[in-house]
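Each remark here refers to the structure printed beneath this line.
The values are calculated or read from the model by the stated rules, or taken from the named source; none is laboratory data. For clarity, every value in this text was computed on a predicted model and none was experimentally measured. Glycine also receives a Cβ, built like all others from the backbone with ideal geometry; neighbour counts cover every protein chain displayed.
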Amino acid sequence: MYKTTLKTMALCISIAVAGMANAQEPVDLDMVNRIRDEGFNHSHVMDTLGYMTDIIGPRLTGSPQLRQANDWTLEKFREWGLKNGELEGFEFGRGWSFTKSVVTMTAPREAQLYALPLSWHPGTDGPVQGEVVLIKIDSDKDFEKYEGELDGKIVLLNKAKKASSKDPSMPKYRRLSDDELEARTDFNVPVGEPQDSKAFEKRFLFEQELFAFLKKEGAVAVVRRSPRDAAMIEASAYLHKTGQSPEIPAIAMSTEDYERILRILDRDMPVSLRIEVVAQYHDEDTKAYNTLAEIPGKGSNPQIVMAGAHLDSWFIGDGAVDNGAGSAVVMEAARILAALNIKPKRTIRFALWGGEEQGLYGSEQYVRSRLADRPVIDDEERSALPAFFWFKESWPITTKPGHQKLSAYFNLDNGSGKIRGIYGEGNAALKPIFERWFSPFEDLGANTVSLNKTGGTDHLFFQWVGLPAFQFIQDPLDYGSRLHHTQIDTLDHVSEADLKQAAVIMATFLYHAAMRDERLPRKPLPTKPPEFKRKSKEEKEE
């Protein structure tokens, strides 16, 4: 009974403290009304996204289309009155694009198959034809058993797919329920050893070696099964750096067509394919670019608030929800605030990143050049990986002058679903502040502040140098179930109402962050964690 009373008292004190903090955090409701009016009644967000996707199209990093998108977004920022617009380049590697992919089964019967080329693989230089063979190569130790066996063959890389355990009646399009949002507010206390990414790193590094072996053995093409079903193709590949390019064509085939081929092979019947892919490299500029522009703050050297999204996409759809949606929302927030002619205390800077899909390259370059850096790990293999593999694990953190000036960075990159809340990344001091900023939007379904972390996008490098950087919680819609990295990522699957809602909330968060008397609270700068001796496979089994 006594313990229960103390617990109740502690909870009451906690609520009271949070309430006091909420009461102290101002919200400019007049400005919120103006932002809502501009964002809901005079929106440009669909026009912006429509041009980006229907006219420019897919924006693979390094491709002419991404550079066109860089130029066009910079022009729009300037048209809307933003200042200090620039394209900030960073070293990336080769550009690549394709214009044709035709795949036909020629034996045991003729049938057109659905497949698209893997990015950064060469074209076929006319049709190529060959009998297919299924191989299993997990490391260079497996090469020996296939030596002399692959000349003239078309190689299948994936074994038969296991039967899905997913309920086919589960909805493909959904919104987060109140219970799901409530569950995200329970903080996940870190436990156990840090996640070991060595297996994934090893596979990433092995890919170049694998394709070199297949070319040497005389294989004419490679076929990978798409990880999706329902004829959706995901064809992402990552050998974009100069000198890494594979010399053998490769395609990703729909699961249904691929599995049919495997079933025919199981009958001990030969299968032959004819493949024609027209693709080209773009080596005229090995840099990719970020688009930057801003609404200047007061004084000669003001602090900065940022919003960002990645402008690049994969190449088989139009990149509408990943991440044209986030880019259009950031641009619309910029347009709204510029149209309202605000005079912020802090500079509001907008960033449209390149190279996110291949390793967060654009945001990495920005953080390392302007805000803070961490040393490249002294390991030849790991230093060849994209920095997100090792950056957070290297020490010490060396801050730069821009580190102190940045108040916050807000990111949007989970499709076109409306904003339902924000991930606080463990920063408890921000919870009552963000709850206040969300208070005018409960009628729009946005009021959840989770202190948990989330990953996979451009706020990470900011977080890894101790800066307040956040990704919004969004309704999933059909982003993960159907659209993410597939050929149906087009404007048809975008929610206009949700994009307007997100742009209004983004603009409001930027405005309040830019007008606060104080910089937003920060967590302590990350320090090196205790060393963990990783358990061997045998030790884990014991």
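Results, tabulated for the structure shown:
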| quantity | calculated |
| --- | --- |
| Filter pass, F462 being modelled with pLDDT of 95 or more and outside any helix (DSSP H, G or I) | no |
| Residue within the stretch 373-387 that is of a type outside the set (A, V, I, L, M), in contact with a helix residue (DSSP H, G or I) (Cβ under 7 Å, 6 or more places away or on another chain), at pLDDT 95 or above and assigned by TED's automatic domain parsing to the domain that holds L87 present | yes |
| So K136, is it basic (K, R), touching a residue at least 12 places away in the same chain (Cβ under 8 Å) and not assigned by TED's automatic domain parsing to the domain that holds I348 | yes |
| Test result for Y423, within 28 Å of Q24 (Cα to Cα) and buried (at least 18 other Cβ atoms within 10 Å of the Cβ) | yes |
| Qualifying position, being assigned by TED's automatic domain parsing to the domain that holds D151 and either part of a helix (DSSP H, G or I) or modelled with pLDDT under 95 (or both), among E247, E234, E209 | E209 |
| Unique match (being out of contact with any Asp or Glu (no Cβ under 7 Å at 6 or more places or on another chain) and surrounded by 19 or more Cβ atoms within 10 Å (Cβ to Cβ)) among T291, T347 | T291 |
| Tabulated pairs, the stretch 322-339, first buried (at least 24 other Cβ atoms within 10 Å of the Cβ), second hydroxyl-bearing (S, T, Y) and not in a helix (DSSP H, G or I), C-beta under 8 angstrom, 6+ apart or interchain | D322/S313; N323/S313; G324/S313; A325/S416; E332/S43 |
| Options S416, S383, S407; residue that is without any contact (Cβ under 8 Å) to a residue 60 or more places away in the chain and of a type in the set (S, T, Y) | S383 |
| The stretch 238-288: number of residues that are buried (at least 19 other Cβ atoms within 10 Å of the Cβ) and small (G, A, S) | 5 |
| Test: A199 is in a loop (DSSP other than H, G, I, E, B) and surrounded by fewer than 17 Cβ atoms within 10 Å (Cβ to Cβ) | no |
